[in-house]
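Here's the structure we're looking at; comments come further down.
The values are calculated or read from the model by the stated rules, or taken from the named source; none is laboratory data. On a predicted model such as this, the values are computed, not experimentally measured, just so you know. Quick reminder, even Gly has a Cβ in these numbers, built from the backbone with ideal geometry, and neighbours come from all protein chains shown.
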């Protein structure tokens, strides 16, 4: 009898343990590790500089509010690339400029990777700063391989995507987005003396004023040395008779109209279409340009100018620009990329 009583008590105790365990598994508890945006950034070492910028620009309290927000957080290494290594380095930046810069890295909405159009290039989204940023996503690979949902924000790669926040979502960026908020492509070019010959050529052939309009434009800007190599300088431009040359070829070959392409967008074409290139005829001319990402150098691009779009048309010039720091200059009406090679000489643009 004692043994039976012992077994009965053991069975009751075992059932009780099972019941307690079952009850505990059935209770859904909130994940206390999911923090609001500002606190999440603060508690991650790789974004500590970004948190310092958030705090200095006055966004901390707002980003810990109800949201929802999408936070685009550059890594410390991204800020290091700009010469920023310590929180005190932000003291060198004008307070209003810093506030606009950080506001550009925040969207007043929740934007997951799945919300971005598949294989969309430069899809616009409003930022907390008030202007728009550009998102590109390669989801499907036309060449048969996996694209892996490669995602860019205004030319900056999202190395980590869709990190869940209590009040939104976060994407980690490999570089800091730096738009020139109130500067047109024309103003940007005039502010940089190394493109003064290019500016003079655009003005000479009545291609300049359009760069003050809404655009958008993508400009592959040759510097003064590049144009000197094809026989163009300030003196030769002054002496040119515009009636004798094809201006849309001589200087217009560097202008892409109604398109807004970051260098990384050009690299995405490898996944989005079959040949990884974007082709277009020059405005008011029969020459064809091909642009694509240059995989022989990090983040560079390549141009191929042909006499036309047919299979027998020959190549006029091939040029590439591997200089990371000089590309992706985002302006209010487009982008300016650096080009260290001239494409067309005056003789090649001479009217027959």
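Filter the range 73-96 down to the residues that are part of a helix (DSSP H, G or I) and surrounded by 11 or more Cβ atoms within 10 Å (Cβ to Cβ) and list them by number.
Within the range 73-96, 76, 77, 78, 79, 80, 87, 89, 90, 95 meet the criteria.
One residue is enough: does the range 60-70 have a residue meeting the conditions over 21 Å from residue 159 (Cβ atoms), at pLDDT below 50 and part of a helix (DSSP H, G or I)?
No, there is no match, as no residue in the range 60-70 is over 21 Å from residue 159 (Cβ atoms), at pLDDT below 50 and part of a helix (DSSP H, G or I).
Is it the case that the range 311-318 has a residue that's within 30 Å of residue 181 (Cβ to Cβ), in contact (Cβ under 8 Å) with a residue 24 or more places away in the chain and in contact with a strand residue (DSSP E or B) (Cβ under 8 Å, 6 or more places away or on another chain)?
no
Just to verify a result, which residue in the range 31-49, among those that are under 16 Å from residue 169 (Cβ atoms) and in contact (Cβ under 8 Å) with a residue 40 or more places away in the chain, is nearest to the chain's Cα centre (by Cα)?
47
Check every one of the helices (runs of 4 or more DSSP H) wholly within the range 171-289 and list those with 3 or more residues that are out of contact with any helix residue (DSSP H, G or I) (no Cβ under 6 Å at 6 or more places or on another chain) and within 30 Å of residue 70 (Cα to Cα).
263-272
Looking only at the range 105-113, decide whether some residue is at pLDDT below 90, closer than 30 Å to residue 258 by Cα and not assigned by TED's automatic domain parsing to the domain that holds residue 270.
No, the range 105-113 has no match at all.
May I ask you to say which residue of 169, 123 is surrounded by 20 or more Cβ atoms within 10 Å (Cβ to Cβ) and more than 30 Å from residue 243 (Cα to Cα)?
So the residue among 169, 123 that is surrounded by 20 or more Cβ atoms within 10 Å (Cβ to Cβ) and more than 30 Å from residue 243 (Cα to Cα) is 169.
Hey, any hits in the range 262-269 for a residue that's surrounded by fewer than 17 Cβ atoms within 10 Å (Cβ to Cβ), in contact with a strand residue (DSSP E or B) (Cβ under 6 Å, 6 or more places away or on another chain) and outside the structural domain of residue 158 (by TED's automatic domain parsing)?
no
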